[in-house]
Amino acid sequence: MILPLHAAIRNRLRAVLDELYGLEPATLPEIAVQSPPNRALGDLGTPLAFELARRLRKAPRSIAAETVAALGPVDGIARAEAAPNGYVNLFLDREAFARRVVHASGAAPPEPAAGSAPDAKVIVEHTAINPNKAAHIGHLRNSALGDTLARTLRFLGAPVEVQNYIDDTGVQVADVVVGFQQLEHASVADVAARAAEPAFDYYCWDLYARVAEWYDADDDRLTMRTRALHEIEGAGNPTAEIGAIVAERIVRCHLATMSRLNVDYDLLCWEGDILRLEFWTRAFEVLKQAGAVHLQASGPQAGCWVMPLTDAGGADPEADGGDGVPEARAKIIVRSNGTVTYVGKDIAYQFWKFGVLDRDFHYRPRDAQGSGRPLWSTTSTPPAAGAAASDGAAASDGAAASDGAAASDGAAASAIPAASGASAESGRPASPPPFGRAAAVYNVIDTRQSYLQQLLKDALAAIDRPGAAERSVHVSYEMVALSHATARMLGYEIDPGDQRPFVEVSGRKGLGVKADDLMDRVTAAARKEVAARHDDLDDAEADRIAAIIAVAAVRYFMIKFSRGKLIVFDIEEALSFEGESGPYLQYAAVRATNILRKLHARDGIDEAALAAALDTLPGTPLDDPDGGELWGLMLEASRLDEVADQAVRALELSVFAKYAFGLARAFHTFYHRCPVLAEERREVRLWRAAGVHYFLRQLTRALDLMGCEVPPRM
RNA sequence: GCGCGUGUAGCUCAGUUGGAUAGAGCGGCCGCCUCCUAAGCGGCAGGCCCCCGGUUCGAGUCCGGGCACGCGCGCCA
């Protein structure tokens, strides 16, 4: 881990600049510590002399030379050099560095580290798929980004709470309910029965598309949607019951899908609970008290409660009201009929996340996740005193209404008993952790919602919570579309009028690649590759390995593009396991594992023996000309914390993916040039083994941050 | 119209808070399995970094102005 070293270097340099030139550390900008383009130039370097040249009226070259001369001994640095062009380059004490990282046992918990992540709790909201149909590849990008962000924040030492927002009372659920009632003429019992069958999410995928077509055929039918929406919000009627069954069962499907990809959560937040517990009522009071909203007296928005807009948002083309004077644009929060808009509900939720709403959900435990992390759900029902938090007790809660029906389904449910999670073992309900009240909130939502996310910040600023507004972060990303080839493969005809080189995923049209279908295909392809290489694997083992590879292939694919980039998804490309791909990284790790396993089998050298042996061996192999390969590998492997920190600061997980790829590539090169087992010189052999060991530990951790595992073979 | 995003090799993309010689994958061509797994490695070819201007010792990166493409801007969610 290299960040502590960066910090030590910066400290020393600041002290030197103060001594030499009387430059107060506080007046200096952050000193950049970077990697020189060529290791012969140094292990680390800094361009500080350029920055100071003007201020000191001195040539960068002289500043660099004087800085180097005055540097003195720095722990971990062997020597410093002033490059002729003005850089200050540093050479690490390789032996000391290598011994330290090798000794830091892999069994010890990762040094929480040194990054710029906050030490107060942060909430990451991601996934938030409408619970009315199967998850598709667009949702996968969201979850992969969100889960990787959460893991990386945890790695940097921040306490993280992951929330998955469930819009169980929205239009999309209402549409499927309308489908059941109008197209299928299904009763509550019929829906419950169908929901208990496998692939309910696939069924709803098609039903939703059928409803959309049905609406298109006759606009009057949209009144059915409006009515269903109201009935669902009202609860205590068959429509609401069907809605609850659909949402609950689809959420289970989504959780199962995400579990395949090693994505998990701490809390499911149901919109229905926000409504029933009247979060909005309280948020509205807070907004009114702060004067953040006002009742519009006249104009087109008369009778509405509105919030003034900052310029960052959208614009209203008709804003000038015909009198030539531009009216202040305002966002309607409460309609003239008194009902709250979507924005209002979102504001209430965001307020709750920051603990500025003195109101809370009730909570109930849900079935454990594949990862073992406890999962909780919001509920509107207070825990009944004395009674276990059974499904029966929660039955009045709309969100839980379908538990009875869902419990009879064993297909997608895991092997974990269907009893309510944490309460099952102890026999009494565990008390929920303190949810909400975060210091920072990261909302992982696609870029089309930037306008609304900006409104949330505005609302926080408007109630005089500038800190919360500042730390209300929209992690935006572009959508995932389909390549023409993939869309055609799915049987869709491309609109000849559409010149775009991609086809937009559309739930309404039923156009998209379902997440589970993708995983199935990638897994099958991986299995074929594994089977071709290892004929001694039994079916179960081959399946297990294929699943591990598929996760890496899909997750890496979703992370490797920077978030502002539209992904044109092509199935052929996603099925490629060569080059810059998840499996490439895993293959490097597997190769490293093989070396260490064989070394152990042949020479009896394990991790502990290796560390012990190195204590009495000279570090000369690190300095050999071909030791440059070894040293370069170890140095690169040590940058994990630096890159994780950078990824979080820039909210750009792709830099993390790129780093992991570069590290794996460095190892593959090392693998070809520097044999370990066949190396005859003992000290060289052991130092190389140590390098392999350290590399494997770091790459494994990097893969873990991306939610990927190292397969036993491949 | 306004806001946000994107524009770098044939294609898809990296390029770290402005820094040393603009990189990778795919595709193309040529090599490497008697050697810890060829899901790998080495090499070759391929560039007005969209355009114009500015700031700076230094600009693919920052600023201004354009152009192109995408997305968003409802008393929908």
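The values are calculated or read from the model by the stated rules, or taken from the named source; none is laboratory data. Owing to the predicted nature of the structure, the values given are computational and were not obtained by experimental measurement. All Cβ positions, glycine included, derive from the backbone under ideal geometry; neighbour counts span all protein chains shown. Ligands, DNA and RNA are stripped out before the accessible areas are found, and what is left, the full protein with its side chains, is counted by its heavy atoms. Shrake-Rupley method; radii C 1.70, N 1.55, O 1.52, S 1.80 Å.
Okay, here's what the table says:
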item: Positions within region A:4-51 being away from RNA strand B (no atom under 16 Å from the Cβ) and part of a loop (DSSP other than H, G, I, E, B), in sequence order; result: A:GLY22, A:GLU24
item: Count of region A:524-575 residues which are of a type in the set (Gly, Ala, Ser), under 23 Å from the mean Cα position of the chain (by Cα), near RNA strand B (Cβ under 10 Å from one of its atoms) and over 13 Å from A:PRO711 (Cβ atoms); result: 2
item: Yes/no for A:LEU52 being open to solvent by less than 40 Å² (accessible area, probe 1.4 Å), touching a Phe, Trp or Tyr at 6+ places or on another chain (Cβ under 8 Å), over 20 Å from A:LEU5 (Cβ atoms) and in the same structural domain as A:ALA7 (by TED's automatic domain parsing); result: yes
item: Positions within region A:686-714 being over 19 Å from A:ILE605 (Cα atoms) and within 11 Å of RNA strand B (Cβ to nearest atom), in sequence order; result: A:VAL710, A:PRO711, A:PRO712, A:ARG713, A:MET714
item: Selected residue (criterion: most open to solvent (accessible area, probe 1.4 Å)) from residues of region A:442-470 that are out of contact with any helix residue (DSSP H, G or I) (no Cβ under 8 Å at 6 or more places or on another chain) and hydroxyl-bearing (Ser, Thr, Tyr); result: A:TYR451
item: Filtered residue count, region A:661-678, keeping only those that are assigned to a loop (DSSP other than H, G, I, E, B) and free of Cβ contacts under 8 Å to residues at least 40 places away in the same chain; result: 2
item: Answer residue from region A:471-492, given it is surrounded by 19 or more Cβ atoms within 10 Å (Cβ to Cβ) and of a type in the set (S, T, N, Q) and is modelled with the lowest pLDDT among those; result: A:THR486
item: Residue within region A:269-289 that is within 18 Å of A:PRO374 (Cα to Cα) and not in a helix (DSSP H, G or I) present; result: yes
item: Pairs with Cβ under 6 Å, 6+ apart, first in region A:60-86 and at positive phi, second within 14 Å of RNA strand B (Cβ to nearest atom) and open to solvent by 20 Å² or more (accessible area, probe 1.4 Å); result: A:GLY86/A:PHE50; A:GLY86/A:PRO60; A:GLY86/A:ARG61
item: Tally of residues being within 12 Å of RNA strand B (Cβ to nearest atom) and open to solvent by 30 Å² or more (accessible area, probe 1.4 Å) across region A:505-522; result: 1
item: Residue check for A:VAL188: touching an Asp or Glu at 6+ places or on another chain (Cβ under 6 Å) and within 26 Å of A:SER506 (Cα to Cα); result: no
item: Selection from region A:670-680 of residues that are surrounded by 13 or more Cβ atoms within 10 Å (Cβ to Cβ), near RNA strand B (Cβ under 6 Å from one of its atoms) and not hydrophobic (A, V, I, L, M, F, W, C); result: A:TYR671, A:PRO675
item: Condition met for A:GLU580 (under 19 Å from A:LEU653 (Cβ atoms), under 23 Å from the mean Cα position of the chain (by Cα) and within 8 Å of RNA strand B (Cβ to nearest atom)); result: yes
item: Matching entry among A:ALA7, A:ALA40, A:ALA32 (being within 30 Å of A:ARG99 (Cβ to Cβ) and touching a strand residue (DSSP E or B) at 6+ places or on another chain (Cβ under 7 Å)); result: A:ALA32
item: Residue match in region A:493-504 (condition: in contact with a strand residue (DSSP E or B) (Cβ under 9 Å, 6 or more places away or on another chain), touching a residue at least 40 places away in the same chain (Cβ under 8 Å) and crowded, with 19+ Cβ neighbours inside 10 Å); result: yes
